[in-house]
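Asker: Would you mind keeping the following structure in view while I ask a few things?
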Amino acid sequence: SWYGRLDSGQPWFLFWITNTLDMLAMGEDVLDIKEKKNIIDYLKACQHPEGGFSGSPFMDAHAASTYAAICTIVALQCPEAYVIVDRPKMLQYLLRLKHNKDTKIFAPQLCSKARTTIPGSFQIHENGENDLRAVYCCLAVADILNLIDEPKLREGIGDFISSCQTYEGGIACVPYSEAHAGYSYCGFASLMLLNETEKINIDKLLEWSMNRQLAKEAGFCGRINKLVDSCYNFWQGALSELIDIALKGKGNYKGEWLYNQYAVQGYTLLCCQSKKGGLIDKPKKSTDMYHTCYSLAGLSIAQSKSMYQELYADHKYELKNAEANSAMFAKDYSSRVSRVHPLSLIHISEPTRRYAISYAVFCLK
Amino acid sequence: YQRRVHGDYQEIMIKEVEGEWAPTERLAQFEPEAPIAPIDYSEKFKTIMDIFRYALKIDEVSLRAYRLTAAVIFLNSGNYTAWYVRRKCLDSLPELKDKVKEEIEYLDIIAHDMAKVYQYWHHRRLIVQKFGSLPPNEYALLEKFHEEDDKNYHMWTYRMWMTEQFHLWDAEYKRVTAKIEENPKNNSAWSYRYFLQFHHTEYIKIGSAEIDFAKSYILKDPNNESAWVYYKGIVYFSPSKCVGDKAANASLAEKFKAEGELFCLKIRSSVTDNRFCRSFLVDIYKEKKETAKSAIDICIELIEVDKIRKNYWLWMKDKILLSFPEKQQYEKSQHQYY
């Protein structure tokens, strides 16, 4: 079954669940001490002795599971969670996954590192595939753990991502492949983390992304001529906000996003709620945690206006200003969810920091 | 395992694999006091995974470990460590070192469940790379995947790798032309065509021909975004990605732009409410001061014609205005959009 496959990606369950609860709770603590302890114990068991987190205990570490685990730890917002991370080993792990120009090609074994090398990229696990998901997962983790200034980690990534921008304007998983919303988010978010957004043609990216909103369905699709899917609420909606930030607050129209945020809310609330609870891709699909999490995160961003001024210019986000910044579909506040940051759904709360992450994360640094 | 896997056979394979490991050669799943999101595993899943965890712990690379990976992959194709162990076995065991063809056959047999499995495609690439030439069954297999889902991202990315690895440019060009004809809105096929052409051949040799190709599909269906974006992609090519002399390419692109303007104007007057010709015109006009006003006029049209992107066109209009400040006189003479 679908969940059987997730046996090798279990931190994702924790990521989707903690973030979803966070968004619905509007600032309250939903998980009790015992539940948090269970999560922490489990993540501890998933941490690999040589660095990184695995999809399940005893397996090799994996960049996506590492990302999910670290973001879950951030979401838990308690010191017991932060201290379990082995930072020095994590750096070694990330460096092992990284491909640079001088990455040596060993004997032509199936298991040699550089069988599919692209300088500036990361493998998603040792002897695994190289692509943009890995780049984003590794960089986000490095940023949260304050490892991102390490030169060998940063080297070549901007150029690699630049080479992944297609003629369509969006970004693909490897050079010359098809532009795709998930990879576009990963690519642009990575450039934001590196502060190298000038390496990509932002106008073309924006044009491609805005054209992914469908006139009839009101939601977004992920590639040209494909179908709507509510998870793209986040991949495209967050991308739109990241572009606004990269353009220093000039990527919005009178505070509103450049896509029709009311239409996205409408699609999500009217078409994507399952009677059994949770959110779905599109009508007639069944609910799953991935869609619940990302559709909701996209909804969160769609319910808000640009906050560039508060977060990046004034450095002063106050929860009480949330009303002024909202853009609710049908002016209905009952479906309000708490605001997440477009980088990794980190919950925005006071006091603000560089990426508006909870101050408690400071402990990790 | 060179038979099609089906219900009864699965039971036999798993029993055989289990039989190769002693009852003590097991390592249980880590279970916290109260699992947060317990997966409902079947008995056979639990047993095989207990054995696999044990094999990982002792770092075993052997024939029975190799057979074990097939069972794990069958139960959970996403188990990336199982695929890695499999490759370790293929690398180091003398009995398996030359069994590349057999491994490809195994991959062919299990293919039916693997369409969206990253690990499968990665493994296949490494095995075929070791094989050293295009396996005889490769196209037939890709066609089967294509029938199931003609936009399978993994399949198209694999196809690109395959073409580059084995220099299949000409044959693939014919195939992609047929695929576009089969489904003109298959954007993956258009994207692959761009890769085949502009990655491999000089812009100056194919620019015109490819534009004519795109135009023919636009005329068949002016709402086919793939064809329009392909057309724009040729005109606004990325110099770093196009082979050939950069200056010659640039002047050719200017010529294409001029022709493009005429083509778009024609579509605008003959097809009602077409947003693509208009957005292409905005791109062309907003580059020069002399045509900035036309760009703004078309943005205003697009606010009506492409309502869902109203904010984007309003933003675009303001952006163009800002970059040509003399035009601000223009806004005083206009109506509700200012």
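The values are calculated or read from the model by the stated rules, or taken from the named source; none is laboratory data. Computed from a prediction, not measured in an experiment: that's the story for all the values here. For neighbour counting, all protein chains shown are included, and Cβ atoms are generated from backbone atoms with ideal geometry for every residue, glycine included. For the accessible areas, the whole protein counts, side chains as well, though only heavy atoms, and no ligand, DNA or RNA atoms are used. Shrake-Rupley method; radii C 1.70, N 1.55, O 1.52, S 1.80 Å.
Asker: B:S133 passes all but one of (1) farther than 19 Å from A:Q109 by Cα; (2) of a type outside the set (F, W, Y); (3) over 21 Å from the mean Cα position of the chain (by Cα); (4) surrounded by fewer than 16 Cβ atoms within 10 Å (Cβ to Cβ); which number fails?
Answerer: Unmet for B:S133, out of (1) farther than 19 Å from A:Q109 by Cα; (2) of a type outside the set (F, W, Y); (3) over 21 Å from the mean Cα position of the chain (by Cα); (4) surrounded by fewer than 16 Cβ atoms within 10 Å (Cβ to Cβ): (1).
Asker: In segment A:128-142, what count of residues is obtained for those that are within 8 Å of chain B (Cβ to nearest Cβ) and open to solvent by 10 Å² or more (accessible area, probe 1.4 Å)?
Answerer: At the first step, the residues of segment A:128-142 found to be within 8 Å of chain B (Cβ to nearest Cβ) are A:128-129.
Those left that are additionally open to solvent by 10 Å² or more (accessible area, probe 1.4 Å): A:129.
Looking only at that region, the number is 1.
Asker: Moving on. Limited to segment B:74-107, what total is found for residues that are more than 11 Å from chain A (Cβ to nearest Cβ) and of a type in the set (A, V, I, L, M)? Break it down stepwise before answering.
Answerer: Narrowing segment B:74-107 to residues more than 11 Å from chain A (Cβ to nearest Cβ): B:93-95, B:98-99, B:101-102, B:104-107.
Right, trim to of a type in the set (A, V, I, L, M) and you get B:93, B:104, B:107.
Within segment B:74-107, residues that are more than 11 Å from chain A (Cβ to nearest Cβ) and of a type in the set (A, V, I, L, M) number 3.
Asker: Looking at A:G237, A:G219, which is the one that is within 22 Å of A:Q165 (Cα to Cα), of a type outside the set (K, R), surrounded by 24 or more Cβ atoms within 10 Å (Cβ to Cβ) and touching a helix residue (DSSP H, G or I) at 6+ places or on another chain (Cβ under 9 Å)?
Answerer: A:G237
Asker: Would you check which residues across segment A:252-266 are within 11 Å of another protein chain (Cβ to nearest Cβ) and either open to solvent by less than 10 Å² (accessible area, probe 1.4 Å) or more than 13 Å from A:A330 (Cβ to Cβ) (or both) and list them?
Answerer: Restricting attention to segment A:252-266, the residues satisfying the condition of being within 11 Å of another protein chain (Cβ to nearest Cβ) are A:252-264.
Once the filter is applied, which keeps residues that are within 11 Å of another protein chain (Cβ to nearest Cβ) and either open to solvent by less than 10 Å² (accessible area, probe 1.4 Å) or more than 13 Å from A:A330 (Cβ to Cβ) (or both), segment A:252-266 yields A:N252, A:Y253, A:K254, A:G255, A:E256, A:W257, A:L258, A:Y259, A:N260, A:Q261, A:V264.
Asker: OK, next. If the Cβ limit is 7 Å and pairs must be 6+ apart or interchain, which residue in segment B:120-134 that is among the small types (G, A, S) pairs with which residue that is modelled with pLDDT of 90 or more and assigned to a helix (DSSP H, G or I)?
Answerer: From residues that are among the small types (G, A, S), the pairs are B:S133/B:F166.
Asker: Just give me the residues in segment B:300-337 being at pLDDT 95 or above, acidic (D, E) and open to solvent by 40 Å² or more (accessible area, probe 1.4 Å), in sequence order.
Answerer: Those that are at pLDDT 95 or above, acidic (D, E) and open to solvent by 40 Å² or more (accessible area, probe 1.4 Å): B:E301, B:E304, B:D318.
Asker: Ok, one more. Based on what the data block shows, is A:L147 part of a loop (DSSP other than H, G, I, E, B) and open to solvent by less than 50 Å² (accessible area, probe 1.4 Å)? Working first, answer last.
Answerer: Working: part of a loop (DSSP other than H, G, I, E, B): yes; open to solvent by less than 50 Å² (accessible area, probe 1.4 Å): yes.
Yes, satisfied.
Asker: Inside segment A:67-93, can you point out the residues that are under 16 Å from A:T18 (Cβ atoms), in a helix (DSSP H, G or I) and either touching an Asp or Glu at 6+ places or on another chain (Cβ under 7 Å) or of a type in the set (S, T, N, Q) (or both)?
Answerer: A:T72, A:A75
Asker: Considering segment A:198-216 alone, what residues qualify as being open to solvent by 40 Å² or more (accessible area, probe 1.4 Å), within 10 Å of chain B (Cβ to nearest Cβ) and outside any loop (DSSP other than H, G, I, E, B)? Talk me through it step by step, then tell me what you get.
Answerer: At the first step, the residues of segment A:198-216 found to be open to solvent by 40 Å² or more (accessible area, probe 1.4 Å) are A:198-199, A:201, A:203-204, A:215-216.
Checking the rest, the ones that are also within 10 Å of chain B (Cβ to nearest Cβ) come to A:201, A:203-204, A:215-216.
Matches in segment A:198-216: A:D203, A:K204.
Asker: Restricting attention to segment B:175-209, which residues are within 21 Å of A:N211 (Cβ to Cβ) and either without any contact (Cβ under 8 Å) to a residue 12 or more places away in the chain or more than 11 Å from chain A (Cβ to nearest Cβ) (or both)?
Answerer: B:I180
Asker: Can you pull out the residues in segment A:150-174 that are open to solvent by less than 30 Å² (accessible area, probe 1.4 Å) and more than 21 Å from A:K226 (Cα to Cα)?
Answerer: As a first pass, look at segment A:150-174 and keep what is open to solvent by less than 30 Å² (accessible area, probe 1.4 Å): A:153, A:157-158, A:160-161, A:164-166, A:168-174.
Correct list: A:L153, A:I157, A:G158, A:F160, A:I161.
Asker: Only residues that are farther than 26 Å from A:P11 by Cβ and of a type in the set (D, E, K, R): list them for segment A:153-178, please.
Answerer: A:E155, A:D159, A:E168, A:E178
Asker: Quick one: in segment B:61-105, of everything that is of a type in the set (S, T, Y) and in a loop (DSSP other than H, G, I, E, B), which residue is surrounded by the most Cβ atoms within 10 Å (Cβ to Cβ)?
Answerer: Pass one, segment B:61-105, residues of a type in the set (S, T, Y): B:62, B:66, B:69, B:77, B:80-81, B:84, B:92.
Subset that is in a loop (DSSP other than H, G, I, E, B): B:62, B:77.
Values: B:S62: 14, B:S77: 21.
By that ranking, first place goes to B:S77.
Asker: Which residue is surrounded by the fewest Cβ atoms within 10 Å (Cβ to Cβ), if the candidates are limited to segment B:212-236 and must be modelled with pLDDT under 95 and more than 20 Å from B:S188 (Cβ to Cβ)?
Answerer: B:Y236
Asker: Looking at segment B:133-151, is at least one residue in contact with a Pro (Cβ under 6 Å, 6 or more places away or on another chain), on the phi < 0 side of the Ramachandran plot and among the aliphatic types (A, V, I, L, M)?
Answerer: Narrowing segment B:133-151 to residues in contact with a Pro (Cβ under 6 Å, 6 or more places away or on another chain): none.
Scanning segment B:133-151, I find no residue that is in contact with a Pro (Cβ under 6 Å, 6 or more places away or on another chain), on the phi < 0 side of the Ramachandran plot and among the aliphatic types (A, V, I, L, M), so the answer is no.
Asker: Which residue, of A:K104, A:K34, is of a type in the set (K, R) and within 14 Å of another protein chain (Cβ to nearest Cβ)?
Answerer: Numbers: A:K104 fails: within 14 Å of another protein chain (Cβ to nearest Cβ).
Of A:K104, A:K34, the one residue that is of a type in the set (K, R) and within 14 Å of another protein chain (Cβ to nearest Cβ) is A:K34.
Asker: So which pairs qualify, if the first residue must be in segment A:48-68 and under 19 Å from B:Q119 (Cα atoms), the second must be among the acidic types (D, E) and open to solvent by 10 Å² or more (accessible area, probe 1.4 Å), the Cβ gap must be under 7 Å, and the two must be at least 6 apart or on different chains?
Answerer: Short answer, once both residue conditions are applied: A:S54/A:D60; A:D60/A:E126.
Asker: When residues of segment B:39-54 are filtered for being more than 10 Å from chain A (Cβ to nearest Cβ) and hydrophobic (A, V, I, L, M, F, W, C), how many remain?
Answerer: Initially, segment B:39-54 is screened for residues more than 10 Å from chain A (Cβ to nearest Cβ), giving B:43-44, B:46-48, B:50-51.
Now narrow it down to the ones that are hydrophobic (A, V, I, L, M, F, W, C): B:48, B:51.
Number satisfying all stated conditions: 2.
Asker: Looking at the structure I just gave you, is A:L247 open to solvent by 20 Å² or more (accessible area, probe 1.4 Å) and hydrophobic (A, V, I, L, M, F, W, C)? First the steps, then the outcome.
Answerer: On the way: open to solvent by 20 Å² or more (accessible area, probe 1.4 Å): yes; hydrophobic (A, V, I, L, M, F, W, C): yes.
So A:L247 passes the test.
Asker: Which of (1) under 22 Å from the mean Cα position of the chain (by Cα); (2) β-branched (V, I, T); (3) more than 10 Å from chain B (Cβ to nearest Cβ) does A:I39 not meet, given it meets every other one?
Answerer: Failed condition: (3).
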